[in-house]
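Structure first, commentary second.
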Amino acid sequence: MIRVKDIYMLLPALSIYAGLSGCASEQVLITDPTVAVAHISKGNQSLDLFPGRYLSIAFSANSEHIDTRDPLLQVRAELFKDGRSVGSSIAMGPYVISNNQIDERHFNGQRYIAFDFSNLMVESDHGEISVALAESDFDKVEFQLRYPLMGTGFKFISNPVSFSKTEILNSLKLPPVKYE
């Protein structure tokens, strides 16, 4: 008979096995990344897409193993200053895009988008203080696809793509791309 205590002791080993043997082992090559401010006016509850302004990253990927229905697949944006992480955001998405619109019918495609930094703010680690992205002290923002591994951190499944602070600040000055 298996006890609940035994299951909890096995979880880290099972999550490592799942991460190493499942779809998370596929390396995804992100190419042609672009950043922009996105304004989502209505949102879509079924897609977990909420209204607001975001820093979006659109990118192409060489892998048909991306399944945007997978709730564990994440796009992480991390701010760096002098090589140290100084802030981060977990995106809404990725979503498949076609003709600059979110494609609800497809869960795999050639072009994807994710929405980070809700209301263009960077939250503290504890969520108590928010600072405007434009006023944050960072050198670059790095985006990467990842899967969380229970009890063992994360498994990054893509190459990191980076944008300098200047590139981010320039994108914040442009009119937002609008999504419903």
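Since every read-out is calculated from the coordinates, none of them should be taken as a lab result. Predicted, not measured: the structure shown is a model, and the values here were computed from it. So basically every Cβ, Gly included, is an ideal-geometry build from the backbone, and we count neighbours across all protein chains shown.
Net charge within 13 Å of residue 92 by Cβ-Cβ distance, Lys/Arg positive one each and Asp/Glu negative one each, not counting residue 92 itself? Net charge around residue 92: 0. Taking 25 °C and 0.890 mPa s as conditions, the range 123-166 diffuses translationally at an estimated 192 µm²/s according to Stokes-Einstein applied to its Kirkwood radius (Cα pairs). Compactness check for the range 43-137: Cα Rg over 2.2 N^0.38 Å is 1.15. In this simple spin-label model, placing a label point 7 Å from the Cα along the Cα-to-Cβ direction at both residue 135 and residue 154 gives a separation of 2.6 nm.
Estimated at 0.36 nm per residue, the fully extended path between residue 50 and residue 99 surpasses their Cα-Cα distance by 15.6 nm.
Close amide H contacts of residue 43 (hydrogens built in the peptide plane, cut-off under 5 Å, sequence separation of 5 or more or a different chain): none are found.
Backbone amide hydrogens, once placed in the peptide plane, bring residue 177 within less than 5 Å of 37, 38, 39, excluding anything fewer than 5 places away on its chain. 3J(HN,Hα) couplings calculated from phi for the range 59-69 with the Karplus curve 6.51 cos²θ - 1.76 cosθ + 1.60 (θ = phi - 60°) are, in sequence order, 7, 9, 9, 8, 10, 8, 8, 6, 10, 5, 7 Hz; Gly and Pro show x. A Förster distance of 25 Å, applied to the separation of the beta-carbon atoms of residue 82 and residue 123, puts the FRET efficiency at 0.75. Close amide H partners of residue 154, meaning residues 5 or more places away or on another chain with modelled amide H under 5 Å apart, are 149. Rounded to whole numbers, the Karplus 3J(HN,Hα) couplings from phi for the range 91-106 are 6, 7, x, x, 10, 6, 10, 9, 6, 6, 10, 5, 9, 6, 7, 10 Hz, using 6.51 cos²θ - 1.76 cosθ + 1.60 with θ = phi - 60°, and x at Gly and Pro. Phi-derived couplings, Karplus 6.51 cos²θ - 1.76 cosθ + 1.60 at θ = phi - 60°, listed residue by residue for the range 41-46: 7, 9, x, 8, 4, 5 Hz, with x used for Gly and Pro.
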